[in-house]
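Notes follow once the structure below has been shown.
The values are calculated or read from the model by the stated rules, or taken from the named source; none is laboratory data. Bear in mind the structure is a predicted one, so any value in this text is a computation, not a measurement. Positions of Cβ are generated from backbone atoms using ideal geometry, with glycine treated the same way; all protein chains shown enter the neighbour counts. Quick note on the areas: whole protein, heavy atoms, side chains included, nothing else; ligands and nucleic acids left out. Shrake-Rupley method; radii C 1.70, N 1.55, O 1.52, S 1.80 Å.
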Amino acid sequence: MAQNIRETEKANSYLHTITSKLIELMSAKSHPDDTPTHYASLQWIVAFGEAFFDANMDWAKTNDPIFGPGSYGHITRLVPEHLFMMKKQFDGLRDGGWKSNPLFNGFSRAVDGIVPRGDLDKCGLEFMERMPELFLQRFEESFAEHTKKWREKKTLPILIAAGHPLIVKWFIRWVFNKDVAIPSVMIDLYHYAGDQATKINLRECIEWLVEKVPENEYDHVQHDPLIQELINELATVAQSEEEIDLLDPATWGDHDFSRAEAIIWNAIAPRAAHQQRVENLVQTDDDRQTSLV
């Protein structure tokens, strides 16, 4: 494709320049008999996208399962639990875990065509063997930096109050008693397309979410405005033996949580997890644009 574009575009055009550089990269080898270095690198990027990035990016742009069509990326209330799910997925790739994932077979085959060159700078096998862990290390640093705001005392109460019912229940119990014994049980999250559940450990999830709340700031969580405004409703949720979803009246039983439902909705509705969904909508002729306003 690049060759065709280069042959049909003018020599001084932007496309001609880009495709020429791409062809150079795809032809660059540490040795004439080796797999092109750029090709092997692209195989890694494609595999990482399929194994981790793509589905999570798509999720960030979906409609909220309760708010439905028109919620344009406002999936924010589920972000904390989803971040933990992403962390577990990412952990499975670290320390060589990616090697057992068949999605990386294309990268492994490409690397098989590269031989040692005695120096990392020569982009031989030494470079390709080092690259995955370095890539994952840098990605992990970026992931930690971009997700810490979701796990701070000022953000957690707003979001977790509308998340998975069991996470809500045990988070509120933790708010009332930081030494509460959270059960180590597996729960199902249905965040991706289809009916396939992703299992996570409840205790590990909550412990990870609250670890960014320092001991000396625990009281700040207890006195969070949202927690205080919903203290009676949240206490009922925490004490109930049944799973109560404050956004699903079918789970309320004899209780009326309509006030809490309205407060939570107004607290999280302005918070888009990803603005690209909104941008995509604005750029279309969809009549539903009016609902955005």
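Some observations on this one:
- Listed conditions (1) at pLDDT 90 or above; (2) over 18 Å from Ile264 (Cβ atoms); (3) basic (Lys, Arg) are all met by Lys178, apart from (1).
- Qualifying residue in region 103-113 (condition: within 21 Å of the chain's Cα centre (by Cα), buried (at least 19 other Cβ atoms within 10 Å of the Cβ) and within 28 Å of Pro225 (Cβ to Cβ)): no
- Ile45 being at negative phi, among the aliphatic types (A, V, I, L, M) and without any contact (Cβ under 8 Å) to a residue 24 or more places away in the chain: yes
- Residue check for Leu189: touching a Ser or Thr at 6+ places or on another chain (Cβ under 8 Å) and modelled with pLDDT of 80 or more: yes
- Pro214 being free of Cβ contacts under 8 Å to residues at least 40 places away in the same chain, of a type outside the set (A, V, I, L, M, F, W, C), out of contact with any strand residue (DSSP E or B) (no Cβ under 8 Å at 6 or more places or on another chain) and within 19 Å of Val237 (Cα to Cα): no
- Filtered residues of region 186-240 (kept if in a helix (DSSP H, G or I) and under 25 Å from Met57 (Cβ atoms)): Glu204, Cys205, Trp208, Leu209
- Note on region 137-158: residues that are under 18 Å from the mean Cα position of the chain (by Cα), modelled with pLDDT under 85 and among the hydrophobic types (A, V, I, L, M, F, W, C) total 2.
- Residues being surrounded by fewer than 21 Cβ atoms within 10 Å (Cβ to Cβ), in contact (Cβ under 8 Å) with a residue 40 or more places away in the chain and farther than 17 Å from Leu247 by Cα - total across region 164-190: 3
- Conditions (1) among the small types (Gly, Ala, Ser); (2) at pLDDT 85 or above; (3) surrounded by 14 or more Cβ atoms within 10 Å (Cβ to Cβ); number of the one not met by Ala161: (2)
- Residue within region 240-248 that is open to solvent by 50 Å² or more (accessible area, probe 1.4 Å), modelled with pLDDT under 75 and either touching a Gly at 6+ places or on another chain (Cβ under 7 Å) or under 15 Å from Ile160 (Cβ atoms) (or both) present: no
- In region 194-213, residue surrounded by the fewest Cβ atoms within 10 Å (Cβ to Cβ) [restricted to those that are among the aliphatic types (A, V, I, L, M) and over 15 Å from Arg173 (Cα atoms)]: Ala197
- Candidates Glu81, Glu140, filtered to the one that is part of a helix (DSSP H, G or I) and open to solvent by 40 Å² or more (accessible area, probe 1.4 Å): Glu140
- Test for Gln89: is it over 30 Å from Gln228 (Cβ atoms), within 17 Å of the chain's Cα centre (by Cα), open to solvent by 60 Å² or more (accessible area, probe 1.4 Å) and polar (S, T, N, Q): no
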